[in-house]
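Okay, so here's the structure we're looking at.
No value in this document is a laboratory result; all are computed from the given coordinates. Just so it is clear, the model here is predicted, and its values are computed rather than measured. Here Cβ is always computed from backbone atoms with ideal geometry, including for glycine, and neighbour counts include all displayed protein chains.
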Amino acid sequence: MGYQEHYQLFKRFFGININFHRKEQKLSISELATTSGFSVQFLELIEQGNADMDFDDFFRIARSLKIQPFMLLENIWADDESDELKPLSVFDINPELML
């Protein structure tokens, strides 16, 4: 897997985490847009893994969700045995990313 594939995978996991934490807090995407200062359209692209962001954007979203930034770097995955959601590092899914 090359750089571009790693980057796309990272953006997808990041979007999954934003969506998970937003829904866990029962926030609409409009409410997150209001607190973060981003447009609804941009947040939709982020949650879909289709937007490029910088570190300032990353921290703005974490602050708006009232979570630690590192929580956006974990993937939320269903445990096959219990059907419970659990945090799982991107590196657990694809160890090649640890290069």
Seminar exercise, completed: Taking every other residue with Cβ under 15 Å from the Cβ of residue 25 and scoring Lys and Arg +1, Asp and Glu -1, one gets +2
For this session: Compute the length gained on full extension between residue 28 and residue 6: take 0.36 nm times their separation in residues and subtract their Cα-Cα distance, giving the result in nm to one decimal.
Result: 5.0 nm
Problem set entry | Semi-axis lengths (Å, descending) of the ellipsoid that matches the C-alpha gyration tensor of segment 3-72 | 19, 12, 11
